[in-house]
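The values are calculated or read from the model by the stated rules, or taken from the named source; none is laboratory data. The structure displayed is predicted, hence computed values, not measured ones. Neighbour counts are summed over all protein chains in view; Cβ atoms, including those assigned to glycine, are modelled from backbone coordinates with ideal geometry. All accessible areas refer to the heavy atoms of the entire protein, side chains included, with ligands and DNA or RNA removed. Shrake-Rupley method; radii C 1.70, N 1.55, O 1.52, S 1.80 Å.
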Amino acid sequence: MATNRQWLYAQKPSGQVGPEHFEMHAATMPEAGPGEVLVRTTLLSIDPASRAWMAGRTYRSMLQPGEVMAGWGLGEVISSNSPKFSPGDRVSGEFGWQEFIAVPAARLTKHDKRHPPEHILGVLGITGLTAYFGMLDIGKPRPGETVLVSGAAGAVGSIAGQIAKIAGCKVVGTTGGPEKCAWLTNEVGFDAAIDYKQGAVARKLKEICPEGIDVYFDNTGGEVLEAALARMNLWGRVACCGNVSQYDGAAPAAGPLGVPGFLVTKRIRMEGFVVMDFYNRREQAETALAQWVREGKLKATVDIVEGFEKMPTALAGMFAGQNKGKLMVRVG
C-alpha cells in the first residue's frame, strides 16, 4: 500500500532550529471523505513564521511536538468529493509538510494554470499578498518619499521594496552580506542597501537617508527597528510584518528604545498586520501583482530546493541567510 511521507515536528528548539527538531514519518495514504479533496503536494513554502509557530501562540495555535509540521503548499487534486474541484486542478492551502492530504474543500484555493507554479506560491500567493497589502495599505507610500525595508533580500521584503519603487519612492533595504546588497541594488532595483552584519546601522541610515524615512516595512525587529524609529519623519508609518531577528535563537533583549517616545513626538503610526485580514481583496492584489510581473516592473525571484527530504535543512538554511527571494521546496 502506498504511504504518505510526513515531516513531524519532533521537539521544541531551545535555540536555532535544525534538522534534529524534525522526524520523518510514513503514514497511511489518506482518502477524501465527504466534502473533502485529496491533494498531492508539489511545492511547499519555507517561511520565517514557521519558527514563531514553535515558540508560542501567534495568529494560530502553537505547534505541539508530534504534529505534522505546519506550512503552506501548492498541489494537484487527485480525487474530489466536492463539486468545486476536479482531478487535475491546481490548488493551494495549509497542507503541512506532507506529500498527500485530504482537506475540506472550503480550505482550498483553486488557481489559474496559466501562472507558473512558483509564482502561485510566491509573488501571487501569501508572499506577494503580504508585501502588497503591508506596503500599500499599512505603509501608504507616496511619490518622492523614502522607504526602508528590512529583510529586503527575503521573499516578502524584496517584493515590498519593488512595490514601493513602483509607487515612486526612494527605497533602501537592509540585508546580510555584500552579495545580497549588490543583488538588491543591481538586480532588484533598490536605490541603496545596508549590510546589517557590518554594524553601525544607525550611522549608515543617517548617511543614506539624510532626509529621513517616511515608511518602514519591518520584517526583522531588533536593531534595525530601533535605528529606523530614530530616523523616521513626522507622520511616518511603520508596517510591522515580522520579527525574524527574534525568532531563531535566545530570548530577545528588551526594547526597542524609542517606544513610545518617538511614536508620540513624531506622530508615527506603527501597525501590525496579518495578510489574511485582507483576503476579501485577494483578487485585486493578484491582478495587480501579475500585471507588474508581465510588464517587467516586478521581479519574482525564487529559490527552489529539490526534494521533500530536504525540508528541515531548507528551513535551517533560510535562518542562516542562504536564500534570496522566495524559498520553496519541490516535493517531487
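Cross-link partners among lysines for Lys310, C-alpha distance below 24 Å, same-chain residues fewer than 8 apart left out?
The reachable lysines, counting only those whose Cα sits under 24 Å from Lys310, are Lys12, Lys180, Lys324, Lys326.
Which whole-number percent is the relative contact order of the chain (Cα, under 8 Å, 6+ apart)?
Numbers: 731 pairs, mean separation 59.0, N = 332.
Worked out over the chain, it gives 18 percent.
Take Ala202 and Ala320, extend 7 Å from each Cα along the Cα→Cβ direction, and tell me the distance between the two endpoints in nm.
In this crude label model, Ala202 to Ala320 measures out at 3.3 nm.
So what is the 222 nm mean residue ellipticity for the chain from helices alone, if each DSSP H run of at least 4 adds -39500 (n - 2.57) and you divide by all residues, rounding to the nearest 500 deg cm²/dmol?
Numbers: 10 runs with 83 residues, N = 332.
After summing the helix terms and dividing by the residues of the chain, the value is -7000 deg cm²/dmol.
Can you work out the FRET efficiency for the pair Gln291 and Arg269, with r the C-beta to C-beta distance and R0 = 30 Å, to the nearest 0.05? It would help to have the intermediate numbers written out before the result.
Numbers: r = 29 Å, r/R0 = 0.96.
For Gln291 and Arg269, the calculated efficiency is 0.55.
With Cα extents along the principal axes in Å defined as stated, name the option among (1) 63, 47, 33; (2) 65, 44, 35; (3) 56, 45, 37 computed from the structure displayed.
This structure yields the entry labelled (2).
Please give the charge dipole size of the chain, origin at the Cα centre, charges +1 on K and R Cβ atoms and -1 on D and E Cβ atoms. Round to the nearest 20 debye.
Working: 35 positive and 33 negative charges, 151 e Å.
Roughly 720 debye for the chain.
Need one number: convex hull volume per residue for the range 1-90, Cα atoms only, in Å³.
Working: hull volume 11.1 nm³, N = 90.
For the range 1-90, the hull spanned by Cα atoms encloses 123 Å³ per residue.
At 1.4 Å probe size, with no ligands or nucleic acids counted, give the accessible surface of Arg281 in Å², nearest ten.
Surface open to solvent at Arg281 totals about 70 Å².
Given the protein chains as shown and a 1.4 Å probe, how many square angstrom of Lys206 are accessible, to the nearest 10?
130
Please give the Cα centre distance for the range 258-332 versus the range 76-120, rounded to the nearest Å.
Between the Cα centre of the range 258-332 and that of the range 76-120, the gap is 21 Å.
If you take every DSSP beta bridge fully contained in the chain, what fraction is antiparallel? Give it as a percent rounded to 5. Each step should come with its number before you reach the end.
On the way: 32 of 58 bridges.
Among the beta bridges of the chain, antiparallel pairing accounts for roughly 55 percent.
In degrees, nearest 10, range 0 to 90: what is the angle between the Cα axis of helix 222-231 and the longest Cα principal axis of the chain?
40
Under a point-charge model restricted to the Cβ atoms of Lys and Arg (+1) and Asp and Glu (-1), what is the dipole moment magnitude of the range 1-77 relative to its Cα centre, in debye to the nearest 20? Can you show the working numbers first?
On the way: 6 positive and 7 negative charges, 51 e Å.
For the range 1-77, the charge dipole is close to 240 debye.
Dipole magnitude of the range 78-209 about its Cα centre, charges +1 at Lys/Arg Cβ and -1 at Asp/Glu Cβ only, in debye to the nearest 20? Provide the component values of the computation, followed by the final result.
Details: 15 positive and 12 negative charges, 55 e Å.
Dipole magnitude for the range 78-209 comes out near 260 debye.
Whole Å is fine, so just give me how far the alpha carbon centre of the range 122-143 lies from that of the range 11-32.
Their Cα centres are 31 Å away from one another.
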